Amino acid sequence: MIRISALYRFARFDDPSALRGPLLAAAQAAGVKGTLLLATEGINGTIAGEAAALDRVIAHIRALPGCADLSLKHGWAEASPFHRLKVKVKREIVTMGVAVDPLAYAGTYVAPAEWNALIADPATLVIDTRNAYEVAVGTFAGAVDPATASFADFPAWFRDHRDTLMAGKTRVAMFCTGGIRCEKSTAFLKAEGVEAVHHLDGGILRYLEEVPASESRWQGECFVFDQRVAVGHGLAPGTHALCHACRMPVSAADRASPLYVEGASCPACHTTRDDTQRAGYAERHRQQRLAEDRGEAHVGRRFD
């Protein structure tokens, strides 16, 4: 079994470029795959490999300035969901496009066991900070969907709808997949003057891992950014597949549509691609399958 470790930490890195080389070398030596992002605001990423190898890389990350309390979640898969290793320096570890400091504007962390009571309170405004295609796969009952195409759209959406959203509400509770986007959006709301802001500690993934299905307020599955596509309670594999043409999640109902052609199109993208493009996607998919049959990783394959 392959372990998948999702991690992040908001920290202050004076020179993230200086941290890249040693981190890349440590990850290469351990033989792990995945993506790690460094910025002046910290580190974010998901890596996969043998458990002992991941532990060595994680120990390296915990030794970085301010990273001892790394936010970390583990999952398991039969095979690695990644086929490359990338360590990149970016302007932000999760792109919002608005300068905020999560270390200076920290909200209130809410444990999964306490989340249900918080979001059931009529005085709580519950916001799903993820993108529209993720929300379509699953969300918490009663949560507001910003219908954003990108996390960078979130600040403008909140500013445009703030008065309506906050009417009659005394607090805000936000959530995302693993915690990083809701932690940053919490900092944004607090910087905008909203005082009582909470976010789900560890994100949806920790909630699904710790809260029994019989007590859950979660509806559907949780989209994840790797080959698993989506997971359910207990982080069990979900029922969604990935359209390799548009990279969007495809439900069982979508796969029953005549517009769905494995590897070539799905109901979401069928009308936005022409026959030549679909033929190209189909040929790429065929080559990927042939490579899998030979036990090889196709050079054009990307799940990360």
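The values are calculated or read from the model by the stated rules, or taken from the named source; none is laboratory data. Just so it is clear, the structure is predicted and the values come from calculations on it, not from any experiment. Note that we place each Cβ from the backbone using ideal geometry, even for glycine, and neighbour counts take in every protein chain shown. Note: accessible area is taken over every heavy atom of the protein model, side chains too, but ligands, DNA and RNA are not part of it. Shrake-Rupley method; radii C 1.70, N 1.55, O 1.52, S 1.80 Å.
A compact table of results
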quantity	calculated
Glu114 at negative phi and either surrounded by fewer than 17 Cβ atoms within 10 Å (Cβ to Cβ) or out of contact with any strand residue (DSSP E or B) (no Cβ under 8 Å at 6 or more places or on another chain) (or both)	yes
Selection count where residues are over 21 Å from Phe10 (Cβ atoms) and touching a strand residue (DSSP E or B) at 6+ places or on another chain (Cβ under 8 Å), scope region 154-201	5
Single residue of region 275-286 satisfying the filter (of a type outside the set (D, E, K, R) and without any contact (Cβ under 8 Å) to a residue 24 or more places away in the chain) that is surrounded by the fewest Cβ atoms within 10 Å (Cβ to Cβ)	Thr276
Residue tally, condition assigned to a loop (DSSP other than H, G, I, E, B), crowded, with 16+ Cβ neighbours inside 10 Å and among the hydrophobic types (A, V, I, L, M, F, W, C), over region 225-251	6
Neighbours by Cβ (under 8 Å, 6+ apart or cross-chain): first from region 12-28, closer than 22 Å to Asp55 by Cα and at pLDDT 95 or above; second open to solvent by 70 Å² or more (accessible area, probe 1.4 Å) and assigned to a helix (DSSP H, G or I)	Ala26/Arg56
Any chance Asp254 is closer than 30 Å to Arg284 by Cβ, part of a helix (DSSP H, G or I) and either among the charged types (D, E, K, R) or open to solvent by less than 20 Å² (accessible area, probe 1.4 Å) (or both)	yes
Pair list, Cβ < 9 Å and 6+ apart or interchain, from region 82-93 residues that are of a type in the set (Asp, Glu) to residues that are open to solvent by 60 Å² or more (accessible area, probe 1.4 Å) and part of a loop (DSSP other than H, G, I, E, B)	Glu92/Thr40
Matching residues, region 178-195, being without any contact (Cβ under 8 Å) to a residue 60 or more places away in the chain and in contact with a Gly (Cβ under 9 Å, 6 or more places away or on another chain)	Cys182
Test: residue in region 262-274 that is under 30 Å from Glu114 (Cβ atoms), open to solvent by less than 30 Å² (accessible area, probe 1.4 Å) and either at pLDDT below 95 or over 22 Å from the mean Cα position of the chain (by Cα) (or both)	no
Hits in region 257-269 - residues which are within 16 Å of Tyr281 (Cα to Cα) and not hydroxyl-bearing (Ser, Thr, Tyr)	Leu259, Val261, Glu262, Gly263, Ala264, Cys266, Pro267, Ala268, Cys269
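Results for (1) out of contact with any Asp or Glu (no Cβ under 6 Å at 6 or more places or on another chain); (2) among the hydrophobic types (A, V, I, L, M, F, W, C); (3) over 29 Å from Gly75 (Cα atoms), shown as yes or no for each residue.
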site: Ala187; (1), (2), (3): yes, yes, no
site: Arg206; (1), (2), (3): yes, no, no
site: Ala213; (1), (2), (3): yes, yes, no
site: Arg228; (1), (2), (3): yes, no, no
site: Ala241; (1), (2), (3): yes, yes, no
site: Asp254; (1), (2), (3): yes, no, no
site: Ala279; (1), (2), (3): yes, yes, yes
site: Ala282; (1), (2), (3): yes, yes, yes
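Yes or no, residue by residue, for (1) surrounded by fewer than 15 Cβ atoms within 10 Å (Cβ to Cβ); (2) touching a Ser or Thr at 6+ places or on another chain (Cβ under 8 Å):
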residue: Gly34; (1), (2): no, yes
residue: Gly42; (1), (2): no, no
residue: Ile47; (1), (2): no, yes
residue: Leu70; (1), (2): no, no
residue: Ile93; (1), (2): no, no
residue: Gly97; (1), (2): yes, no
